[in-house]
1. Which one of the conditions (1) farther than 25 Å from Ile223 by Cβ; (2) without any contact (Cβ under 8 Å) to a residue 24 or more places away in the chain does Gln191 fail to meet, given that it meets all the rest?
2. Please tell me if Arg130 is assigned by TED's automatic domain parsing to the domain that holds Lys94, loosely packed, with under 14 Cβ neighbours inside 10 Å and touching a residue at least 60 places away in the same chain (Cβ under 8 Å).
3. Considering (1) in contact (Cβ under 8 Å) with a residue 12 or more places away in the chain; (2) surrounded by 11 or more Cβ atoms within 10 Å (Cβ to Cβ), say which one Glu176 fails and leave the rest.
4. Within region 136-157, can you find the residues that are farther than 10 Å from Phe88 by Cβ, of a type outside the set (A, V, I, L, M) and loosely packed, with under 15 Cβ neighbours inside 10 Å?
5. Based on what the data block shows, is Leu59 modelled with pLDDT of 65 or more, under 23 Å from the mean Cα position of the chain (by Cα) and not in a loop (DSSP other than H, G, I, E, B)?
6. Return the only residue of Leu67, Leu93, Leu89 being assigned by TED's automatic domain parsing to the domain that holds Ile147 and either within 30 Å of Gly198 (Cβ to Cβ) or within 16 Å of the chain's Cα centre (by Cα) (or both).
7. Ile147: closer than 30 Å to Gly254 by Cα and either at pLDDT 85 or above or within 25 Å of the chain's Cα centre (by Cα) (or both), yes or no?
8. Within region 222-242, track down each residue that is over 24 Å from Glu176 (Cβ atoms) and assigned to a helix (DSSP H, G or I).
Amino acid sequence: MHRGKGMKFVGDSRVPAERMPNIPKDYSEYPHKTEAFWPNFLLREWMVGAVFLIGYLCLTVAHPSPLERVADPNDSGYIPLPDWYFLFLYQLLKYEYAAGDFTVIGAVVIPGIAFGALLLAPFLDKGVERRPIRRPIASGLMMLGVISVIFLTWESVDQHDWEAAAQQGAIVEDVEIDESAEGYEIYLSQQACINCHGDEGEGGAAAPPLFESDYSEEEIMDIIRDGEGQMPPDQFEGSDEELETLADWIANDGQDPDGE
């Protein structure tokens, strides 16, 4: 009888025969020096992501998002401006063949082709080289996309009227006007004033708020008589005494000067 013939070995499956340490396999002999996804590659990705996340959180704490005034659907003169990462699309829609009757081309067709090309880049260039110079298709598409985005973003920032945007989006504190003042009663009787400046003098698309300027009573009277900017002259219907009372009420931010 040979040794071991007919013998059966019984073992416990819960106890491994050999204890292998948790060491990733050595891929150095393979082409391009591929490494294990877990834990080597994934751990590095997590570490880099954590650094960027901490930096982004610090940036949001140091520089909070700028807020503008509450949106007014009746303000047709407001010019909206998208966030910085959409400025290149905003600028694209300003060009002749991407706006107006061709808005679909600028909003759907061109971005669709651009992002579709980036999605197809891995399938068009299946090379295993990592050096950009040896991957002309993928590198060319990427450089074209980056240059286009940078150029359009720069053009949008350079052409935008930032001073007008700051004024139209400025947060203005609500002014509690004295509705019992004589000046307010005179103001309500002037339909031309209400049409542009609003019932409470809050302003609108055609005129600024009444109580944001530092004009004196005499300067306000001159503006009402002679006009200024888009405001036409000779719109006030009343006596000189009423005009003086109205200008005094506006110069005192909607309060009755005699009641203070």
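1. Against the list (1) farther than 25 Å from Ile223 by Cβ; (2) without any contact (Cβ under 8 Å) to a residue 24 or more places away in the chain, Gln191 comes up short only on (1).
2. Numbers: assigned by TED's automatic domain parsing to the domain that holds Lys94: yes; loosely packed, with under 14 Cβ neighbours inside 10 Å: yes; touching a residue at least 60 places away in the same chain (Cβ under 8 Å): yes.
So Arg130 passes the test.
3. Of (1) in contact (Cβ under 8 Å) with a residue 12 or more places away in the chain; (2) surrounded by 11 or more Cβ atoms within 10 Å (Cβ to Cβ), only one is false for Glu176: (2).
4. Residues satisfying the conditions are Pro136, Gly140.
5. The answer is yes for Leu59.
6. One residue alone meets the criteria, Leu89.
7. Taking the combined requirement at face value, the residue does not satisfy it.
8. Result: Asp222, Arg225, Asp226, Asp240, Glu241.
The values are calculated or read from the model by the stated rules, or taken from the named source; none is laboratory data. Here the structure is a predicted model, which is why all the values come from computation and not from measurement. Neighbour counts are summed over all protein chains in view; Cβ atoms, including those assigned to glycine, are modelled from backbone coordinates with ideal geometry.
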